[in-house]
Amino acid sequence: MNIQERMASCQLFTDHDVNYPEEAAALARARQRGKVLCYEINRLHPDDMEGRKDLMKQLFGSIGENVWMEPPIRMAYGSNTTIGSNVYINFNLTVVDDYKVTIGDDVMFGPNVTIAVTGHPVHPDMRKEGGMFALPVVIEDGAWIGSGVIILPGVTIGKGSVIGAGSVVTKDVPANVIAAGNPCKIIREITDHDRVYYYKNMRFDQVEW
């Protein structure tokens, strides 16, 4: 199997496999391209919003309409990440996207979120050769990822769910729930009560909306 086939089948791989020098070189070029585009985005003047949009279109595998991103951003590739429409990305998103990251529509990110599709063997002897594995991460439509959340390989976060600040998400989170903690666990479902109260005892009908 070549490198891409190993990635796709969740087997161990190295991105510098000497048995596939052309593929390894192509991956190195793709990583460098992602780093350069992130650098260009991060150094833009804040008023240059059109320049940022243009660079974002080049960076991501695909991107929808009305996506707002606050620099800085850090990506392993960028090209392996797809983003839907109406997405808000706050400061300092880090994405280790050696493999696929899928972000749906209407997703919100707090600052300092990390998404990592890649892991390594636990035993130190088995890490010497630089082997790693990659599992796709999916964030479905309408999810809200709180500040400082870390999302680990293979995780799917369900439609409309909220991940509390500082959580470490190690397994799938179903749709329409609030989950938080390290490791992240379901706290409760999102219900019609949340249509009435936006925070603790604060009601929507008591504010201008």
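The values are calculated or read from the model by the stated rules, or taken from the named source; none is laboratory data. What you see is a predicted model, and the numbers here were worked out from it, not measured in a lab. We place every Cβ from the backbone using ideal geometry, glycine too, and count neighbours over all the protein chains shown. Remember, those area values only see protein heavy atoms, side chains included, never the ligands or the DNA or RNA. Shrake-Rupley method; radii C 1.70, N 1.55, O 1.52, S 1.80 Å.
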> Can you name the residue in region 17-26 that is surrounded by 13 or more Cβ atoms within 10 Å (Cβ to Cβ) and under 15 Å from Gly131 (Cβ atoms) and is also nearest to the chain's Cα centre (by Cα) among such residues?
Replying inline: Ala24
>> Given (1) touching a Leu at 6+ places or on another chain (Cβ under 9 Å); (2) surrounded by 15 or more Cβ atoms within 10 Å (Cβ to Cβ); (3) farther than 26 Å from Gly148 by Cα, identify the lone condition not met by Cys10.
In response: (2)
> Out of all the residues in region 150-161, which are crowded, with 22+ Cβ neighbours inside 10 Å and part of a strand (DSSP E or B)?
Replying inline: Ile151, Ile157
> What are the residues in region 106-137 that are touching a residue at least 60 places away in the same chain (Cβ under 8 Å) and exposed (fewer than 14 other Cβ atoms within 10 Å of the Cβ), if any?
Replying inline: Glu129, Gly130
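Considering only region 81-109, state which residues are in contact with a strand residue (DSSP E or B) (Cβ under 8 Å, 6 or more places away or on another chain) and more than 23 Å from Arg43 (Cβ to Cβ).
Here is the first cut: in region 81-109, the residues in contact with a strand residue (DSSP E or B) (Cβ under 8 Å, 6 or more places away or on another chain) are 81-84, 87-90, 92-104, 107-109.
Hits for region 81-109 are Thr82, Gly84, Asp98, Tyr99, Lys100, Val101, Thr102, Ile103, Gly104, Val107, Met108.
Okay, residues lined up against (1) modelled with pLDDT of 95 or more; (2) hydrophobic (A, V, I, L, M, F, W, C); (3) under 13 Å from the mean Cα position of the chain (by Cα):
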residue: Thr102; (1), (2), (3): yes, no, yes
residue: Asp125; (1), (2), (3): no, no, no
residue: Met132; (1), (2), (3): no, yes, no
residue: Glu140; (1), (2), (3): yes, no, yes
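Out of all the residues in region 50-58, is one or more closer than 24 Å to Phe91 by Cα and open to solvent by 100 Å² or more (accessible area, probe 1.4 Å)? Break it down into steps so the answer makes sense when it comes.
Initial filter on region 50-58 (closer than 24 Å to Phe91 by Cα): 50-58.
Still in the running and open to solvent by 100 Å² or more (accessible area, probe 1.4 Å): 50, 57.
Checking region 50-58: at least one residue is closer than 24 Å to Phe91 by Cα and open to solvent by 100 Å² or more (accessible area, probe 1.4 Å).
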> Consider Gly34 against the criteria (1) open to solvent by 70 Å² or more (accessible area, probe 1.4 Å); (2) touching a Phe, Trp or Tyr at 6+ places or on another chain (Cβ under 9 Å); (3) modelled with pLDDT of 90 or more: it satisfies all of them except one. Which criterion is unmet?
Replying inline: (1)
>> Go through region 20-45 and report how many residues are farther than 22 Å from Val101 by Cα and either hydroxyl-bearing (Ser, Thr, Tyr) or touching a helix residue (DSSP H, G or I) at 6+ places or on another chain (Cβ under 9 Å) (or both).
In response: 3
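If I filter region 194-209 down to residues being within 26 Å of Val169 (Cβ to Cβ) and open to solvent by less than 100 Å² (accessible area, probe 1.4 Å), which single residue comes out as modelled with the lowest pLDDT?
Kept after step one, since they are within 26 Å of Val169 (Cβ to Cβ), are these residues of region 194-209: 194-195, 197-200.
This time we only want the ones that are open to solvent by less than 100 Å² (accessible area, probe 1.4 Å), so: 194, 197.
Details: Asp194: 94, Tyr197: 90.
Here the answer is Tyr197.
For region 170-199, give me the residue count where each residue is in a strand (DSSP E or B), under 18 Å from the mean Cα position of the chain (by Cα) and closer than 17 Å to Asp141 by Cβ.
Here is the first cut: in region 170-199, the residues in a strand (DSSP E or B) are 173, 177-180, 185-189, 197-199.
Filter once more, keeping what is under 18 Å from the mean Cα position of the chain (by Cα): 173, 179-180.
Remaining after also requiring closer than 17 Å to Asp141 by Cβ: 173, 179.
Of the residues in region 170-199, 2 are in a strand (DSSP E or B), under 18 Å from the mean Cα position of the chain (by Cα) and closer than 17 Å to Asp141 by Cβ.
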>> Given the criteria of a type in the set (Ser, Thr, Tyr) and either open to solvent by less than 40 Å² (accessible area, probe 1.4 Å) or modelled with pLDDT under 95 (or both), does Ser147 qualify?
In response: no
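Restricting attention to region 168-175, does a residue exist that is within 17 Å of Gly110 (Cα to Cα) and open to solvent by 60 Å² or more (accessible area, probe 1.4 Å)? Write out each step before concluding.
Start the filter on region 168-175 by keeping residues that are within 17 Å of Gly110 (Cα to Cα), which leaves 168-169.
Checking the rest, the ones that are also open to solvent by 60 Å² or more (accessible area, probe 1.4 Å) come to none.
For region 168-175, residues within 17 Å of Gly110 (Cα to Cα) and open to solvent by 60 Å² or more (accessible area, probe 1.4 Å): absent.
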> So which pairs qualify, if the first residue must be in region 38-49 and more than 18 Å from Thr94 (Cβ to Cβ) and open to solvent by 100 Å² or more (accessible area, probe 1.4 Å), the second must be at pLDDT below 95 and not hydrophobic (A, V, I, L, M, F, W, C), the Cβ gap must be under 7 Å, and the two must be at least 6 apart or on different chains?
Replying inline: none
